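Taken together, the values in this text are just the output of simple stated rules run on the coordinates, not laboratory data. As the structure is a computational prediction, the values presented were derived from the model and not from experiment. Backbone-built Cβ (ideal geometry, glycine too); neighbour counts: all protein chains shown.
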Ligand SMILES: [Mg+2]
């Protein structure tokens, strides 16, 4: 019996960069209530975990007590947050009760090196789409433990993002060049327009190993869901380390599998 259900976020729990649907929110709530430990792990920052997962859970009626079973592995698990409400707290839910348990940030020199490698590569290939950015948006974002390239920025429409690089070929070319310019770092394709760059080893393997340590569990206790499980994808390291994985195409596949888990364990 798996006690830990761990999820990639973009395209696994949601449509990239948008809040989870109420169907996913209800399924996760039932699983949290049933005592499963739910561990989303994604390259995104903490605030996006609140916007995309935690807030929709609350909006769909989840009670904050079940958040003791929700463990947020932010920035590919190089940061870990858990919910620690004070005992006898009468205040209800508060964002302030999310406690950062650990954090492994990049140095500013590392951020600079990765940023210039990505920008130069994208420019040389004609994939630097600065003119398509919405005001205030940016292509390269420092996510503290990793640097993320999002070809059309963070706020482009999902439709535009899907169209930009559906076969991952543009990003594969950028990655190839950037690796030559910044050979000390790893570059990985994720989401719909993204490339994540980080210190080698600081990928989802790092996150999963810390998850096992923090929650005192073994690989066999974990079932992982991801959409980029092919070699080179950002979920592949989890497959490679021998954790049982379900490959999904979208949150609809994930919902289907979760309904099965809840049905089988009699908690639906
Ligand atoms: Mg994904």
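Computed quantities for the displayed model
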| read-out | value |
| --- | --- |
| Residues being in contact with a helix residue (DSSP H, G or I) (Cβ under 6 Å, 6 or more places away or on another chain) and either surrounded by fewer than 21 Cβ atoms within 10 Å (Cβ to Cβ) or in a strand (DSSP E or B) (or both) - total across region 57-68 | 2 |
| Residue that is within 16 Å of the ligand (Cβ to nearest atom) and crowded, with 19+ Cβ neighbours inside 10 Å, where the choices are 208, 202 | 208 |
| In region 18-48, the residues that are surrounded by fewer than 23 Cβ atoms within 10 Å (Cβ to Cβ), within 16 Å of the ligand (Cβ to nearest atom) and over 17 Å from residue 83 (Cβ atoms) | 18, 19, 21, 45 |
| Tally of residues being closer than 22 Å to residue 61 by Cα and within 7 Å of the ligand (Cβ to nearest atom) across region 8-17 | 2 |
| Residue that is farthest from residue 162 (Cα to Cα), among those in region 15-52 that are assigned to a strand (DSSP E or B) and touching a residue at least 40 places away in the same chain (Cβ under 8 Å) | 37 |
| Residue among 252, 186 that is without any contact (Cβ under 8 Å) to a residue 24 or more places away in the chain, surrounded by fewer than 16 Cβ atoms within 10 Å (Cβ to Cβ) and more than 13 Å from the ligand (Cβ to nearest atom) | 252 |
| Filtered residue count, region 211-249, keeping only those that are within 16 Å of the ligand (Cβ to nearest atom), assigned to a loop (DSSP other than H, G, I, E, B) and more than 14 Å from the chain's Cα centre (by Cα) | 6 |
| Residue within region 102-122 that is assigned to a strand (DSSP E or B) and in contact with a strand residue (DSSP E or B) (Cβ under 7 Å, 6 or more places away or on another chain) present | yes |
